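Engineer: Next up is a structure, given as C-alpha cells.
The values are calculated or read from the model by the stated rules, or taken from the named source; none is laboratory data. Treat the numbers as computed from the prediction; the structure is a model and nothing was measured. Reconstructed Cβ throughout: ideal geometry from the backbone, glycine too, with neighbour counts over all protein chains shown. Only protein heavy atoms, including side chains, enter the accessible area calculation; ligands, DNA and RNA are left aside. Shrake-Rupley method; radii C 1.70, N 1.55, O 1.52, S 1.80 Å.
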Amino acid sequence: MSEGPKSHGRLSIRASLVPRDLMGESPTLAQAWKARIVTLFPGAFPGVLGESLTGKALQEGLWSLETIDLRTFGAGRHRNVDDTPTGGGAGMVLRPDVVSRALDEGLRDTPRDRKRWPLVYLSPRGKRFDQATARSWAAADGITLLCGRFEGVDQRVLDAYEIEEVSLGDFVLTGGEIAAQAMIDATVRLLPGVLGNQASTEEESFSDGLLEHPQFTRPNAWRGRAVPEVLLSGHHAKIAEWRRAQAEALTQERRPDLWRDWLARKGEA
Ligand code: SAH
C-alpha cells in the first residue's frame, strides 16, 4: 500500500505533537514531581512516557521530565565521554570527570536529603526495583537518574556521590534508558491525579503483597467461554471475596516468595 496524502497528514500531525515539546522546566511545574535523566541519548525521552496516562500527566504538569546530555560535558574538542577500562578488557567505561559534571547539573537546586531527592544509577548490580521503591520515589520531590552505557561508569564517581544502584532485573541491557523509563512509569502512575481512578493502584498486583485477580470485560460469552458467574451477580461482597480468593491462589501458585511474605505479615497482624 502506498502512503496516501491522508496518512502523510496524520504522520505530520503526530510529528508536530512530538512529546519532547512537553519536556523542560515550566513555572507552573515548580511543585510537581521532577525526573532528571543524565543520558548519552536524550532523544530516547520521553519515549513511551509521552504516551497515554503518563504523557497526559506530563502535558498537564503533574510531573516534569528533563534530560541532561552527558555528551555536552565531554572532555576536549571531541567531547569524549569514555575511555578504555584500566587494567584491560573489552569495551569502554564512562569517565568520572565527565559523569560528575553532568551529575552536578542533574542535582542543581535539589534537596540534599536523598529521601527527598534520590540519586540513582541504573545498574544490573543494583538492588532490584520493586513497587515499594516506586512508592518511596513517588513520595520524594523528584529524582536524578544516571543511565550508563558501554561497560558502565568509573567506580570512583559512584562512590564519591554515594549513588544508589538500582536494577530493573537480572538481565543486561545495552543502556540505562529503558530501565529509567520503566521505573519512572511505575513511579509517575502513583502520583496523585495521574491515574483517573486512584482506587486502581490500591487493588492491583503488589499493592497489598498479592498478585491481582483475573480481569474480564464484555462480551460475557466469547468462544464458548463464559465470564465467572459471580462477577455478573452485582453482589459486591461476594465479588470481593471471589477476587480475594483468586488473588491468593494465583500468588500461592506463581510466587511462593510473595506468598510466604504475605502469610508472615498476616500472622503478625
Ligand atoms: N558491564 C556491566 C553492564 C553494562 S550494561 C555489568 O556487567 O554490570 C550498560 C548499561 O546499561 C549499564 O551501565 C546500566 O546503566 C544499564 N543497564 C544494563 N542492565 C541493566 C539492568 N538490568 N537494570 C538497570 N540498568 C541496566
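Engineer: Report the Stokes-Einstein translational diffusion coefficient (µm² s⁻¹, integer) for segment 79-150, Rh taken as the Kirkwood radius over Cα pairs, at 37 °C with viscosity 0.692 mPa s.
Structural biologist: Using the Kirkwood radius from Cα pairs, D works out to 233 µm²/s.
Engineer: ³J(HN,Hα) across segment 82-94 via Karplus (A = 6.51, B = -1.76, C = 1.60, θ = phi - 60°), whole Hz, x for Gly/Pro?
Structural biologist: Per residue, the Karplus-derived 3J(HN,Hα) values read 9, 8, 6, x, 5, x, x, x, 7, x, 10, 10, 6 Hz.
Engineer: How big is segment 204-266 along each principal axis, measuring the range of its Cα positions in Å and listing the largest first?
Structural biologist: Dimensions of segment 204-266 along the principal axes of its Cα atoms: 38, 25, 15 Å.
Engineer: Beyond 27 Å, what share of the Cα-Cα pairs of the chain is found? Please give it as a whole percent.
Structural biologist: Distances greater than 27 Å cover 52 percent of the Cα pairs.
Engineer: Moving to a separate point now. Of SER64, SER233, which has the most accessible area and how do the rest follow, probe 1.4 Å?
Structural biologist: Correct descending sequence by accessible area is SER233, SER64.
Engineer: In terms of solvent-accessible area of protein heavy atoms at a 1.4 angstrom probe, what is the ranking of MET183, MET92, MET23, highest value first?
Structural biologist: The ranking, largest first, comes out as MET92, MET23, MET183.
Engineer: Would you mind checking the tilt of helix 256-268 against the longest principal axis of the Cα atoms of the chain, expressed as 0 to 90 degrees and rounded to 10?
Structural biologist: 70 degrees
Engineer: Something else now. For a quick check, take a GNM of the chain with Cα springs below 10 Å and name the residue from GLN215, GLN31, GLN246 with the largest mean-square fluctuation.
Structural biologist: Looking only at GLN215, GLN31, GLN246, the biggest GNM fluctuation is shown by GLN215.
Engineer: Still on this structure, please answer the following. Where the eigenvalues come from the Cα gyration tensor of segment 144-269, what are the semi-axes √(5λ) of the equivalent ellipsoid, largest first, in whole Å?
Structural biologist: 38, 19, 15
Engineer: Of the candidates ARG71, ARG189, ARG218, which one comes out as most mobile in a Gaussian network treatment of the chain with C-alpha springs shorter than 10 Å?
Structural biologist: Greatest mean-square fluctuation among the candidates belongs to ARG218.
Engineer: For ARG223 paired with THR84, estimate the spin-label separation in nm (one decimal), with each label point 7 Å from Cα along the Cα-to-Cβ line.
Structural biologist: Distance between label points: 5.6 nm.
Engineer: Whole-Hz Karplus ³J(HN,Hα) for segment 62-69, in order, using 6.51 cos²θ - 1.76 cosθ + 1.60 and θ = phi - 60°, x for Gly and Pro?
Structural biologist: 6, 8, 9, 9, 9, 9, 10, 7
Engineer: Using a 1.4 Å probe, what is the accessible area per residue for segment 204-266, in Å²?
Structural biologist: Ligands and nucleic acids excluded, the figure is 75 Å² per residue.
Engineer: Whose amide H sits under 5 Å from the amide H of LYS34, counting only residues 5 or more places off or on another chain, with H placed in the peptide plane?
Structural biologist: Placed amide hydrogens put SER64, GLY142, ILE143 under 5 Å from LYS34.
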